Structures are given as structure tokens and as C-alpha cells.
Amino acid sequence: MFTPAVLLSKADEMASREEQLKSAQSALQSGQFDAGLSAARAALADDPTDGEALYMAAVAARYLKRFEEAAIHLTALHGAMPEYGRAWQEQGHLSLVQGDQANALSAFMRATRFNPALEASWREQARLQTAIGSTAEAAAATAQQQRLAKMPRELIAVTNHLAEGRLVRAEEICRHFLRQNPRNVEGMRLLAKIGIELGILDDAEFLLESAVSFAPDDIQLRFDYIDALRRRQKSAEAREQAEKLYERDPQNALFQSRLAIECIQTGDFDRGLELFDSVLEKLPGDPASLTSRGHALKTKGDRAEAEASYRAAIASKPGHGDAYYALANLKTYRFGADELDAMREQITRNDLAFMDRVHLNFALAKAYEDEGDYEASFACYDEGNALKRAQTRYSADAMTRELANQRKACSADLFEKHKSAGCSAPDPIFILGLPRAGSTLLEQILASHSQIDGTLELPNILALAHRLRGRKAGQSLYPEILHDLTSEQLAKFGEDFIENTRLHRANAPFFIDKMPNNFRHIGLIHLILPNAKIIDARRAPMDCCFSGFKQLFAEGQEFTYGLTEVGRYYADYVEVMDHWDSVLPGKVLRVQHEDVLDDLEGQTRRMLDFLEVPFEEQCLAFHKTDRAVRTASSEQVREPINRKGQDAWKPFEPWLGDLKTALGD
């Protein structure tokens, strides 16, 4: 615990930093570059990774023609803030004054990818593209520059704040602007993007649906609307919007690609793959299309064709980390010596894109692990996670508080009060817990039963919890609000869940929702669906946590990007699950992964008895069940049961001290 003297010292340090940065900024604005550089250096003396100080030091050094120092500051800045658009714009300016137009163009393009509101970067792109004869690219950059010139200054500010992670300020400005301009579609689009970043997906969907109705010919709006629908798992609606784009111009490769992705999401693999083939006829070797095609083939179960598609993507773009990681993520794939050398070569490039670097680190880690070089493997896992951790706003302390609030609010009295409320449907089976705990195996076993449909990791419960949070004086209303809901409201929430998940089901009377994070909301689930069955998929803590640390998740599992974070999350999960057992005895069936490995039939019968369905032999032959599997374990559950993942952490034990400390007892 900090003493008052320590707290005062820290406050003084923060005040000193703010003064140094303000001094540097003021000096730069008045053209006093020596003074600006001195002030920025003073801030860096206290914190060499301070992004604002590094940026101002780089700008000042460039104006002073101290190009080598400017480059050093920018290299450090790219390491600290790899997706900071202004840093890449400054890199472009530095390359220009040094006469390196090729690197300047690359830097300006990267700048606008991370922050599309940087007008100077668009202007320089147009000029440099014209100089090398790329007229189409120059025209596109000019169009973007002109669009920015016409955009209200408030929305440019919103775009800048959004790109640089200042979501609260972006939201404040955007909402103020929309109060004055309620039908401005760009303002609505930006507010929706802010909502998506904050996880408020229902509001984002509503905003984009309204904006599309005002401007039905705006292509970017419709793309964003499709993205919002997909994030809400509204696959049918997303496909409908993609079909509308496709109908405008069936030969447009971008429209074909978007429709292909939505077809795959709805299980129409044949049409999706046919569309990807059409895209690749127009854009042979397009790495993004080849990788997406590989993902579709993997989900469908065509392993050999998926591998070939990933390899083709790499052949087309040797630094395409996504395809390398896709091969690694097959879990059972082994990289050859040539592939390992190629990855080593690519990861040394200083111009490698951020996510390519992340993907290559995780892929290299898997390759080294397979070779038995555990020290090199851990170093790559650690580097990949550190890069991702720098991107997230995840707080282990905040998660601990959230789960403590669940234990406090969701008391036995709450469930006694609402004991006859909710929707009586018995259809849902929730498999929850931590990712990499064996939930996909349990789902595959149960979905092999004739009365049970496997679906997806459905976001509906998480979305409902988010809606219930509301805001009052800046504080979340959830879960305390559960005490104030009426029986009618709880029943309606349950009925909506059944209806909104129907599109993911086939014809079986029961269906599985395998969203692992639902363990945080078992109280809410019980209140709205009292007859739903809940299975807690649990795995030995070191195996589970280290497996999560090794897995690069697409989104939603930010706690896995650090050993301390994942260990604390597991400990908090165990504590809240103990609470559910106390206040809802018998509600949750705990299935230990190691017990399934020891006695597949016994644990399968135990689960089916809990679900009140008869035993069926095909559940034991789960690896033969033909169904799409979208999680990281898709290839593993297509094999007979085995112990390949058990005790996989032990070779890495010398580097797992932080994890052990976080797990505690």
C-alpha cells in the first residue's frame, strides 16, 4: 500500500511530466525547436517509453536536422505505440527530407491506415503516387484528402481521438455534434464505431441501420453496418446486407469477398468458396483472400486444402503473418526447416506491419515448441503477448471488482425473490468457463447427440448484460439492477434469447451456447432462463492458463495477454464459480477435462444424465461428427481423444513464476 508521502511524490511526478510536455508542445508551436527538444528529453529521462514525449522529440530533432536522433526516437515510438498514425506520418516526413521517397510513401500509407484523418499523409501519398505513375492510387488519395477538407472540423477531431484511443473524448464531441446535426451520416457512423470499440453493439447497430436508411448508396456505411451485424452474430442479416452490395456490381472483387465471408458465417461453404475463387481469378495471389479461403476450408474440415491456401498466401506475400499463424493454429501442423528460416527472416524486418509481427511471434513460438527449444518458444510467446497487451485497456483489478460485484449482488435472496420468474424454455445448454479448458471437446461430444444442436459462441448474454449496465453518475447499474427487474422483464429477456438464437439452430430440441465468458453472468442466465442447463468446463489451472497465454484470440479474451493477468483471471473465476455453487446449488455441472480424458464414457453419461437425454453411442465417436467448428480447437476435436495438451506447461516452468504467483493457492 502506498503511503501519503509516496502518493504525493507520484502526483508531483505526474505534474512535472505534464509541465514538460506542455513546455515541449508550446516550444514546437512557436518554432523554438531546441527548447522543445530539451523539454521532451527531460520527460523521456523519467520515462523513455512516453509516447507523447517521443513524438515531440522526433519532430523537434527533424526540424533541427538531427536526423539520426529523430530516427532513434521514432523507432522507440513505433515500439511503444505501433499503431500510432501520427508517428508514421512523422516517419514519412523524416524519410522525405532524407530523400527516401519509397519509404516515405510506405510510411504515409501506414499512417492513414491507422488514422484516416491525417490530411497531410493523404496529400503526400497523392503527390508521391503521381510521381511514380500510379494514377489510380493517386486519385484515391486525392479523393480522401478532399473528403477530409469538406468534413466538419468536429468530425475530424472525433476521427483523430478515435484513432488514438481517446474514446471518451471522441464520444463527447461526436454526441455534441449530432445533437446539432442529427441526420449527419458520417457523425452517426463515427459514433457507431466508438460504440463498437466500447462493446455497445446494439446501439452501434441501430445507428448504422438508421444511417444506411438516410444514405443507402454510401458503401462505407454498409460495410460498417455488416461489421456491426456480424459482431452481434446476426449472420443472416449481415449476409442480406452483403447480398445488396453484391447485387450492385456482381463483378466487384471487394463485394464478392464480403459476401463470401458472410456466406461462410451462415454455413453456406459452397457458395462462399465459389465467390473466393472468383475473387482470386481477378486478383491472383491476393494474400487476404487466400487466407480467408483457408479459414473457410479449415472450418469446413478440408484440412489439406486449407493448408495449401495458407501456403499460397505466404508465397504471394512472404511477410503475411496471418497465414503463418493460421498454419500454427491448426495445432497439429508442423513447420519445416525452410518455413522456420523464412519466419526468422521476416520477423527481423523493421517495416513489418504490427499484426504481421504479432502473428509471426506466435507462429514461431509454436514452431520452436515443436522442436523442443522451449526458451526460444517462450520468448516468442512473451513478445507476441506483450505487443497485444500494449494495445488493450484490460485491467485485472477491474475484472476482480466486476466479479466481486456479482458475488455481492447475486445473493440467495435475489434468486428466492425471483424464483418463479423468467422464460420456462428448457432448450439452452450453456457450456462456459475459461477458453482452452476443453469446452469445444464437450460441445463436440454433446453436439453428436441427435437431440442437441451445436451452434457458436453466442454473444447474446454478454450483450444483455451490457445493456443492463446503463449509466448513473458514471457507475454501472449492473448487476445491482437485477434486484429491480420485474417478472415480466425477466421472462421477456429469456424469450428474446430463445428467439434471437433460433437462426443458429437446426431442428434439435436442445442447443449449446459455448460462450466461455458467460460464467460471469450465471445469475442473469438463471433469472431469465431458469430451466437452462449449465456445464462448467474446467481444466487444471497451469495447463489452462498457459494454453490461453499461447493462444492468440481474435477478440474478447484480453486477459490472456499476460501471465499475471491470466492467473488472476483463473483465480477470480474459481471464486465466482464457488459462489454460484453456494447460492444456486445443483445448477451447474462441473466437468473436469482430466476426468474426460480418463473416462470418456463415464463423463459423457454423466453429462447426458444431467441434461436428461438418453445415452447415444455416437457421442463417444465425436471426432467423426461432421459439423463446422470455428474455435481454436477445431482440428483437435476431429481426432480421437488424446492427452497431447496435458502438462504442456511443464517444459516452460522456468519462465512461469508470475503465473504461479498470480494463481496462488
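For this structure, a couple of remarks:
- Answer residue from region 487-515, given it is more than 23 Å from residue 614 (Cα to Cα) and in contact with a Lys or Arg (Cβ under 9 Å, 6 or more places away or on another chain) and is surrounded by the most Cβ atoms within 10 Å (Cβ to Cβ) among those: 500
- Pairs with Cβ under 7 Å, 6+ apart, first in region 312-328 and without any contact (Cβ under 8 Å) to a residue 40 or more places away in the chain and over 12 Å from residue 286 (Cβ atoms), second charged (D, E, K, R) and surrounded by 22 or more Cβ atoms within 10 Å (Cβ to Cβ): 328/366
- Identity of the residue in region 618-659, acidic (Asp, Glu) and either in contact with a His (Cβ under 6 Å, 6 or more places away or on another chain) or modelled with pLDDT of 60 or more (or both), that ends up most open to solvent (accessible area, probe 1.4 Å): 626
- Candidates are the residues of region 147-176 that are among the β-branched types (Val, Ile, Thr) and either open to solvent by less than 40 Å² (accessible area, probe 1.4 Å) or touching a residue at least 40 places away in the same chain (Cβ under 8 Å) (or both); the one that is farthest from residue 51 (Cα to Cα) is 173.
- Condition broken by residue 351, with the remaining ones in (1) without any contact (Cβ under 8 Å) to a residue 60 or more places away in the chain; (2) open to solvent by 60 Å² or more (accessible area, probe 1.4 Å) satisfied: (1)
- Test: residue in region 400-408 that is hydroxyl-bearing (Ser, Thr, Tyr), outside any loop (DSSP other than H, G, I, E, B) and either free of Cβ contacts under 8 Å to residues at least 40 places away in the same chain or under 30 Å from residue 333 (Cβ atoms) (or both): no
- Any hit, region 264-279, residues being within 21 Å of the chain's Cα centre (by Cα), open to solvent by less than 20 Å² (accessible area, probe 1.4 Å) and either among the polar types (S, T, N, Q) or under 18 Å from residue 294 (Cα atoms) (or both): yes
- Residue 497 within 18 Å of residue 439 (Cα to Cα) and hydrophobic (A, V, I, L, M, F, W, C): no
- Spans of helices (runs of 4 or more DSSP H) in region 436-540 with at least 3 residues more than 27 Å from residue 550 (Cα to Cα) and free of Cβ contacts under 8 Å to residues at least 12 places away in the same chain: 487-500
- Subset of region 494-517 (residues that are closer than 27 Å to residue 574 by Cα and in contact with a Cys (Cβ under 9 Å, 6 or more places away or on another chain)): 494, 497
- For residue 35, the conditions (1) among the aliphatic types (A, V, I, L, M); (2) open to solvent by less than 40 Å² (accessible area, probe 1.4 Å); (3) more than 36 Å from the chain's Cα centre (by Cα) all hold with the exception of (2).
- Scan of region 553-562 for residues that are surrounded by fewer than 24 Cβ atoms within 10 Å (Cβ to Cβ) and touching a residue at least 24 places away in the same chain (Cβ under 8 Å), ordered by number: 553, 556, 557, 558, 561, 562
- Criterion: touching a helix residue (DSSP H, G or I) at 6+ places or on another chain (Cβ under 9 Å) and under 26 Å from residue 458 (Cβ atoms) - qualifying residue of 221, 280, 207: 207
- Selection within region 114-138 - more than 30 Å from the chain's Cα centre (by Cα) and either assigned to a loop (DSSP other than H, G, I, E, B) or exposed (fewer than 13 other Cβ atoms within 10 Å of the Cβ) (or both): 131, 132, 133, 134, 135, 136
- Helices (runs of 4 or more DSSP H) (entirely within region 279-387) containing at least 2 residues that are of a type in the set (Asp, Glu): 303-316, 337-347, 354-371
- Residue within region 535-551 that is more than 24 Å from the chain's Cα centre (by Cα), buried (at least 17 other Cβ atoms within 10 Å of the Cβ) and at pLDDT 95 or above present: yes
- Between 446, 462, 468, 403, the distinction of being touching a strand residue (DSSP E or B) at 6+ places or on another chain (Cβ under 8 Å) and not polar (S, T, N, Q) belongs to 446 only.
- Residue match in region 380-390 (condition: in contact with a Gly (Cβ under 7 Å, 6 or more places away or on another chain) and within 20 Å of residue 572 (Cβ to Cβ)): yes
- Qualifying positions in region 89-105 - of a type in the set (D, E, K, R) and open to solvent by less than 20 Å² (accessible area, probe 1.4 Å): 90
Condition check ((1) closer than 22 Å to residue 548 by Cβ; (2) under 23 Å from the mean Cα position of the chain (by Cα); (3) among the acidic types (Asp, Glu)) across all residues:
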site: 348; (1), (2), (3): no, no, no
site: 353; (1), (2), (3): no, yes, no
site: 357; (1), (2), (3): yes, yes, no
site: 363; (1), (2), (3): yes, yes, no
site: 368; (1), (2), (3): yes, no, no
site: 371; (1), (2), (3): no, no, yes
site: 374; (1), (2), (3): yes, no, no
site: 379; (1), (2), (3): yes, yes, no
site: 382; (1), (2), (3): yes, yes, yes
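- Among the residues making up region 49-98, a single one is hydroxyl-bearing (Ser, Thr, Tyr), part of a helix (DSSP H, G or I) and in contact (Cβ under 8 Å) with a residue 60 or more places away in the chain: 75.
- Within region 565-603, the only residue that satisfies the criterion of being open to solvent by 30 Å² or more (accessible area, probe 1.4 Å) and touching a Ser or Thr at 6+ places or on another chain (Cβ under 8 Å) is 568.
- Residues in region 99-113 that are more than 28 Å from the chain's Cα centre (by Cα) and part of a helix (DSSP H, G or I): 101, 102, 103, 104, 105.
The values are calculated or read from the model by the stated rules, or taken from the named source; none is laboratory data. All values reported here derive from a predicted model rather than from experimental measurement. Glycine gets a Cβ as well: all are built from the backbone with ideal geometry, and neighbour counts include every protein chain shown. Calculation scope for accessible area: heavy atoms of the full protein, side chains included, ligands and nucleic acids excluded. Shrake-Rupley method; radii C 1.70, N 1.55, O 1.52, S 1.80 Å.
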